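Novice: I have a structure I would like to understand better, so I am pasting it below and will then ask my questions one at a time.
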Amino acid sequence: MKNNAGAPRTRAGLYLFDRPLKRRPSPLRLVLLGATGSIGLQTLDVVRSHPDKLKVVGLSCRTQVDAMGRILDELHALQPEITPLVAVTEPAARDRLAGRPDLPCRLLAGEPGLLPTLVREASAHCLVNGLVGAVGLEPTLAAADLGLRIALANKETLVMGGDLVAAAVAAGGAEVLPVDSEHAAIAQCLTGRPAHEVGRLILTASGGPFRTLPAEDLAHVSVQQVLDHPTWKMGPKITVDSATLMNKGLEVIEAHHLFGVAYDRIDVVVHPGSIVHSLVEFVDGAVLAQLGTPDMRVPLQYAISGQAHWPLGTDRLDLIGGPDLHFEAPDTDRFPCLALARSAGAAGGAAPVVLNAANEVAVAALLAGRIGFTDIGAAVAETLARGPQGPVPDLESVLEADRLARDLAAEIIAGLAR
Ligand code: MG
């Protein structure tokens with residue numbers, strides 16, 4: 001057990017676990033970004049379970065306007081009094097939705113800044129950010145300025161701009177509630193406790209589909225094998241990140257920003273069963289954990305509801321049936337992305353921005369079949385070594401570091417491409 005006497009255990013994080021949340025109106029008006037993705041569809045399932053408590057007043061998607069059309073028709077039946085505001089970020093897809101005047105929605109026009117505009121104009125109480133990647137940062141900042149409840153599934157927001165979000169949240173009176181299952185678990189363990197009682201956070205990782213695969217075989221796995229996650233059903237980007245353990249690295253950075261705990265007090269353990277969603281060790285050695293069958297609707301609803309346990313039709317944990325409660329240490333030799341993320345987070349400034357940008361470019365290259373699985377870690381490491389460094393005090397400098405890192409990563413990946 002680590003014991004850094006004198007080092008600060010915690011600073012103020014984004015998630016203020018030692019005080020009650022603000023009361024918000026009921027029904028709660030939601031703006032849902034990434035409505036047609038995995039988080040979006042599961043959010044709509046939560047809304048379907050509680051139509052009296054939750055109303056959807058704004059939605060976004062990128063290209064899947066047919067799915068958006070089905071969602072709008074269902075919402076119209078569920079909440080006929082509301083005509084949601086809709087943003088479609090890909091122009092050709094937006095034109096297709098504009099050609100459907102029968103749909104019960106108001107379509108936002110104009111670029112850039114479509115998603116922050118949607119957040120500002122939807123008259124919502126709560127943002128559910130189910131976007132994937134760096135595109136999630138600016139709408140989160142818009143919601144923070146407005147003082148909204150922010151149910152945050154977009155971890156890249158905090159990896160890139162954790163300090164910016166913290167400043168905006170402090171100024172605007174917003175509240176950030178984690179949707180990531182590990183962070184939602186930690187939030188449940190921490191709620192009501194003073195910060196000085198927190199010893200360390202222990203994030204669990206499923207270990208992904210290649211947990212037991214020998215190092216020499218990792219270079220030759222197929223994209224389909226990468227996408228075949230053993231326990232969680234998620235979108236393609238996060239599924240790749242789970243296989244490389246980059247997801248857990250991003251989550252270490254996310255936990256640091258959310259809970260204000262120093263990096264050397266955030267541990268990762270591999271837990272293939274995905275039953276224990278994460279743990280908190282207190283300064284007296286007491287450990288609290290949150291358990292349950294893997295179902296993203298639970299952390300989603302807990303965040304949206306403002307830390308309430310509303311009824312939900314989930315599979316129940318069968319303790320007598322012998323759930324997998326096995327734990328092991330992560331292998332950072334076979335999965336270097338976890339250590340890369342931890343050191344980029346601790347370095348701060350541009351380093352986590354570069355890490356995230358390089359990873360997004362590398363994951364896209366893997367999904368397109370242009371590089372192999374082990375090339376992801378190599379590309380991220382080289383981009384970190386050669387990319388921008390130093391402080392990123394404002395949004396412009398974050399976005400500039402992101403852009404430079406993407407260009408560099410693309411160049412490095414072109415050299416690796418098979
Ligand atoms: Mg997670």
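Novice: What are the residues in the range 207-252 that are of a type in the set (Val, Ile, Thr) and part of a helix (DSSP H, G or I), if any? Reasoning before the result, please.
Specialist: So the first thing to find is which residues in the range 207-252 are of a type in the set (Val, Ile, Thr), and the list is 212, 221, 223, 226, 231, 238-240, 244, 252.
Of everything in the range 207-252, those that are of a type in the set (Val, Ile, Thr) and part of a helix (DSSP H, G or I) turn out to be Val223, Val226, Ile238, Thr239, Val240, Thr244, Val252.
Novice: If the requirement is being over 27 Å from Val165 (Cα atoms) and within 12 Å of the ligand (Cβ to nearest atom), which of these qualifies: Pro294, Pro272? Spell out how you get there, then give the answer.
Specialist: Working: Pro272 fails: within 12 Å of the ligand (Cβ to nearest atom).
The match here is Pro294.
Novice: Could I ask something else about it? Return a yes/no flag: does the range 250-260 have any residue that is of a type outside the set (Gly, Ala, Ser) and more than 17 Å from Leu14 (Cα to Cα). Walk me through how you get there before you give the answer.
Specialist: Residues of the range 250-260 of a type outside the set (Gly, Ala, Ser): 250-254, 256-259.
With more than 17 Å from Leu14 (Cα to Cα) added as a condition, the list becomes none.
No, the range 250-260 has no match at all.
Novice: Might you let me know whether the range 236-253 holds any residue that is basic (Lys, Arg), within 29 Å of Gln64 (Cβ to Cβ) and either within 12 Å of the ligand (Cβ to nearest atom) or not assigned by TED's automatic domain parsing to the domain that holds Asn356 (or both)? Give the steps one after another, and end with the answer.
Specialist: From the range 236-253, those basic (Lys, Arg) are 237, 248; that's our starting set.
Checking which are within 29 Å of Gln64 (Cβ to Cβ) leaves us with 237, 248.
Next cut, either within 12 Å of the ligand (Cβ to nearest atom) or not assigned by TED's automatic domain parsing to the domain that holds Asn356 (or both) only: 237, 248.
Checked the range 236-253: at least one residue is basic (Lys, Arg), within 29 Å of Gln64 (Cβ to Cβ) and either within 12 Å of the ligand (Cβ to nearest atom) or not assigned by TED's automatic domain parsing to the domain that holds Asn356 (or both).
Novice: Name the residues in the range 222-247 that are closer than 19 Å to Val380 by Cα and of a type in the set (A, V, I, L, M), would you?
Specialist: The first filter runs over the range 222-247 and keeps only residues closer than 19 Å to Val380 by Cα, leaving 223, 226, 236-247.
Result: Val223, Val226, Ile238, Val240, Ala243, Leu245, Met246.
Novice: Tell me the residue from Leu338, Leu288 that is surrounded by fewer than 16 Cβ atoms within 10 Å (Cβ to Cβ) and outside any loop (DSSP other than H, G, I, E, B), please. Give the steps one after another, and end with the answer.
Specialist: Numbers: Leu338 fails: surrounded by fewer than 16 Cβ atoms within 10 Å (Cβ to Cβ).
Of the residues listed, the single one that is surrounded by fewer than 16 Cβ atoms within 10 Å (Cβ to Cβ) and outside any loop (DSSP other than H, G, I, E, B) is Leu288.
Novice: Is there any pair linking a residue in the range 241-255 that is under 19 Å from Ile371 (Cβ atoms) and hydrophobic (A, V, I, L, M, F, W, C) to one that is open to solvent by less than 10 Å² (accessible area, probe 1.4 Å) and within 9 Å of the ligand (Cβ to nearest atom), with Cβ under 9 Å and at least six apart or on different chains, and which?
Specialist: If the second residue must be open to solvent by less than 10 Å² (accessible area, probe 1.4 Å) and within 9 Å of the ligand (Cβ to nearest atom), the pairs left are Leu245/Ala205.
Novice: Has the range 263-272 got at least one residue that is of a type in the set (Phe, Trp, Tyr), out of contact with any Pro (no Cβ under 8 Å at 6 or more places or on another chain) and part of a helix (DSSP H, G or I)?
Specialist: Applying the first criterion (of a type in the set (Phe, Trp, Tyr)) to the range 263-272 yields 263.
Next cut, out of contact with any Pro (no Cβ under 8 Å at 6 or more places or on another chain) only: 263.
Cutting the leftovers down to part of a helix (DSSP H, G or I) gives us 263.
Among the residues of the range 263-272, at least one is of a type in the set (Phe, Trp, Tyr), out of contact with any Pro (no Cβ under 8 Å at 6 or more places or on another chain) and part of a helix (DSSP H, G or I), which makes the answer yes.
Novice: Could you tell me which numbered condition Ala215 fails, if it satisfies all but one of (1) modelled with pLDDT of 95 or more; (2) surrounded by fewer than 17 Cβ atoms within 10 Å (Cβ to Cβ); (3) of a type in the set (Gly, Ala, Ser)?
Specialist: (1)
Novice: Within the range 179-207, how many residues are of a type in the set (Gly, Ala, Ser) and over 17 Å from the mean Cα position of the chain (by Cα)?
Specialist: Residues of the range 179-207 of a type in the set (Gly, Ala, Ser): 181, 184-185, 187, 192, 195, 199, 205-207.
Filter once more, so that each one left must be over 17 Å from the mean Cα position of the chain (by Cα): 192, 195, 199, 207.
Adding up the residues that qualify gives 4.
Novice: If I filter the range 190-202 down to residues being of a type outside the set (Val, Ile, Thr) and surrounded by fewer than 23 Cβ atoms within 10 Å (Cβ to Cβ), which single residue comes out as nearest to Ala151 (Cα to Cα)? Outline the logic, then answer.
Specialist: Taking the range 190-202 first, the residues of a type outside the set (Val, Ile, Thr) are 190, 192-197, 199-201.
Checking the rest, the ones that are also surrounded by fewer than 23 Cβ atoms within 10 Å (Cβ to Cβ) come to 192-197, 199-200.
Values: Gly192: 19, Arg193: 21, Pro194: 22, Ala195: 22, His196: 26, Glu197: 26, Gly199: 26, Arg200: 24 Å.
Residue satisfying both the conditions and the ranking: Gly192.
Novice: Looking at the range 154-161, can you tell me whether even one residue there is among the hydrophobic types (A, V, I, L, M, F, W, C), within 16 Å of the ligand (Cβ to nearest atom) and assigned by TED's automatic domain parsing to the domain that holds Val128?
Specialist: Of all residues in the range 154-161, those among the hydrophobic types (A, V, I, L, M, F, W, C) come to 158-160.
Narrowing further to those that are within 16 Å of the ligand (Cβ to nearest atom): 158-159.
Next cut, assigned by TED's automatic domain parsing to the domain that holds Val128 only: 158-159.
Scanning the range 154-161 turns up at least one residue that is among the hydrophobic types (A, V, I, L, M, F, W, C), within 16 Å of the ligand (Cβ to nearest atom) and assigned by TED's automatic domain parsing to the domain that holds Val128.
Novice: Turning to a different aspect of this structure: From Gly321, Gly306, grab the single residue that is within 20 Å of the chain's Cα centre (by Cα) and either small (Gly, Ala, Ser) or open to solvent by less than 70 Å² (accessible area, probe 1.4 Å) (or both).
Specialist: Working: Gly321 fails: within 20 Å of the chain's Cα centre (by Cα).
Of the residues listed, the single one that is within 20 Å of the chain's Cα centre (by Cα) and either small (Gly, Ala, Ser) or open to solvent by less than 70 Å² (accessible area, probe 1.4 Å) (or both) is Gly306.
Novice: I need every pair where a residue in the range 135-155 that is hydroxyl-bearing (Ser, Thr, Tyr) has its Cβ under 8 Å from the Cβ of a residue that is open to solvent by 10 Å² or more (accessible area, probe 1.4 Å) and away from the ligand (no atom under 16 Å from the Cβ), sequence separation at least 6 or different chains.
Specialist: That search, which allows pairs on different chains as well, returns nothing.
Novice: Would you please name the residue that is nearest to the ligand (Cβ to nearest atom), looking only at residues in the range 171-197 that are over 22 Å from Ile39 (Cβ atoms) and free of Cβ contacts under 8 Å to residues at least 60 places away in the same chain?
Specialist: Keep residues of the range 171-197 that are over 22 Å from Ile39 (Cβ atoms), which gives 171-173, 189-197.
In the following step, the residues that additionally are free of Cβ contacts under 8 Å to residues at least 60 places away in the same chain were identified as 171-172.
On the way: Ala171: 28, Gly172: 26 Å.
The extreme case among them is Gly172.
Novice: Scan the range 112-128 for residues that are farther than 14 Å from Val57 by Cβ and small (Gly, Ala, Ser) and report the count.
Specialist: Count: 1.
Novice: Still on this structure, I have one more. Looking at Thr63, Thr83, Thr117, can you tell me which residue is in a helix (DSSP H, G or I) and hydroxyl-bearing (Ser, Thr, Tyr)?
Specialist: Values: Thr63 fails: in a helix (DSSP H, G or I); Thr83 fails: in a helix (DSSP H, G or I).
Matching residue, one of Thr63, Thr83, Thr117: Thr117.
The values are calculated or read from the model by the stated rules, or taken from the named source; none is laboratory data. Note that the structure is a prediction, hence the values are computed from the model and not measured. Positions of Cβ are generated from backbone atoms using ideal geometry, with glycine treated the same way; all protein chains shown enter the neighbour counts. Heads up: the accessible areas ignore ligands, DNA and RNA and are worked out on the full protein's heavy atoms, side chains in. Shrake-Rupley method; radii C 1.70, N 1.55, O 1.52, S 1.80 Å.
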